[in-house]
Amino acid sequence: MNCVIRGVAVILIASGGVGAAQDGVKEPPKGFVALFNGKDLTGWKGLVASPPARAKMTPEQLAKEQEKADKAAREHWKVEDGLLVYDGKANSLCTAKDYGDFEMYVDWKIHKGGDSGIYLRGSPQVQIWDNKIGSGGLYNNQKKENPHNPLVFADKPIGEWNTFYIIMVGEKVTVKLNDKLVVDNVTMENYWERNKPIYPTGQIELQHHGSTLWFKNVYLRELPPK
């Protein structure tokens with residue numbers, strides 16, 4: 001059961017390469033959809049546990065936990081001046097819909113010492129942080145053949161907006177940060193169940209890690225399965 005948060009106004013619009021409008025608001029690139037409707041959080045929900053833990057819940061248990069997670073999300077994910085702002089005191093915000101293969105844009109910024117990430121198919125994560133290594137790497141990869149650090153440091157100064165372009169096809173992930181290639185077709189490992197490949201579908205999550213966060217400009221295009 002997907003319990004969708006409603007009643008919180010938010011505007012999240014993509015950046016880079018698309019038609020400009022007032023205050024940087026732009027139309028989605030051709031073929032992409034805005035994951036936010038510009039009015040509320042329809043299509044999004046609070047985080048309930050991990051994928052394996054959710055799979056063990058009865059529908060009734062999951063619905064109860066989802067209701068609590070949605071309430072917490074509404075209290076801590078707020079809109080300020082058209083931006084989605086998280087106070088760092090609840091949990092991740094997740095798409096109500098699961099996705100398989102896709103490409104997406106997302107704009108983000110953090111404060112000094114900040115830490116977050118973008119979970120793909122419910123699994124961690126394309127890294128966001130204030131670190132000399134740089135953001136964009138697949139932080140939880142452990143195997144030598146699946147590098148977890150970004151190829152280059154491409155972050156803008158703390159407090160400025162950054163743009164991810166992420167494409168995920170099968171187990172492979174490519175990431176550009178501010179138009180620089182930081183992950184080149186790397187296998188994403190299953191953090192939750194190391195003996196299994198990454199899940200074929202799952203939710204996208206804006207990660208809670210105790211930091212204040214700012215997001216906008218989230219667009220996604222689903223890709224046909226190969």
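The values are calculated or read from the model by the stated rules, or taken from the named source; none is laboratory data. No experiment lies behind these values; they were computed from the predicted model shown. Methodologically, a virtual Cβ is constructed for each residue, glycine included, from the backbone with ideal geometry; neighbour enumeration extends over all protein chains shown. Just the protein is used for accessible areas: all its heavy atoms, side chains included, with ligands, DNA and RNA removed. Shrake-Rupley method; radii C 1.70, N 1.55, O 1.52, S 1.80 Å.
Each Cα pair under 8 Å and six or more residues apart adds its sequence gap; the mean of these over the residue count of the stretch 69-226 is a relative contact order of 35 percent.
Based on protein heavy atoms only, the stretch 110-191 ends up with 45 Å² per residue of surface accessible to a 1.4 Å probe.
Once you charge only the Cβ atoms, +1 for Lys and Arg and -1 for Asp and Glu, what is the size of the charge dipole of the stretch 138-226 about its Cα centre, to the nearest 20 debye?
For this selection, approximately 120 debye.
Sorted largest first by accessible area at a 1.4 angstrom probe radius, with every protein chain in place, the residues 158, 167, 198 fall in the order 158, 167, 198. Quick one: with all protein chains in place, what share of the accessible area of the chain is carbon or sulfur, to the nearest percent (1.4 Å probe)? Carbon and sulfur atoms account for 51 percent of the accessible area of the chain.
Model label points for residue 58 and residue 130, set 7 angstrom from Cα along the Cα-to-Cβ axis, are 4.7 nm apart. Measure up 45/68; 172/216; 45/89 against 21 Å on the Cα-Cα distance and list the ones that go over. Exceeds cut-off: 172/216.
Rolled with a 1.4 Å probe across the full set of protein chains, the surface gives residue 121 an accessible area near 10 Å². For residue 214, the accessible surface of its heavy atoms amounts to roughly 60 Å² (probe 1.4 Å, protein chains only, rounded to the nearest 10). Label-to-label distance for residue 33 and residue 171 is 2.9 nm, based on points extended 7 Å past Cα in the beta-carbon direction.
Measuring r between the beta carbons of residue 180 and residue 75 and using R0 = 30 Å, the FRET efficiency lands at 0.25. Dipole size of the chain about its Cα centre, with +1 on Lys/Arg Cβ and -1 on Asp/Glu Cβ: approximately 300 debye, rounded to the nearest 20.
Note on exposure: 153, 102 ranked by accessible area (1.4 Å probe, complete protein assembly) read 153, 102, with the most exposed listed first. Modelled spin labels at residue 98 and residue 85, positioned 7 Å past Cα toward Cβ, are 3.6 nm from each other.
Of the residues 110, 167, 138, the one whose Cα sits farthest towards the positive end of the charge dipole of the stretch 74-202 is 138 (charges of +1 on Lys and Arg Cβ, -1 on Asp and Glu Cβ, taken about the Cα centre). Residues considered: 90, 73, 63. Largest GNM mean-square fluctuation over the chain, using C-alpha springs under 10 Å, is found at 63. Residues 209, 111, 76, ordered by accessible area of protein heavy atoms at a 1.4 angstrom probe radius and largest first, appear as 209, 111, 76.
Taken along its principal axes, the alpha carbon cloud of the stretch 31-157 reaches lengths of 45, 39, 34 Å, longest axis first.
Rolled with a 1.4 Å probe across the full set of protein chains, the surface gives residue 152 an accessible area near 60 Å².
Rg over Rh for the chain works out to 0.94, using Cα positions for both radii and the Kirkwood form for Rh.
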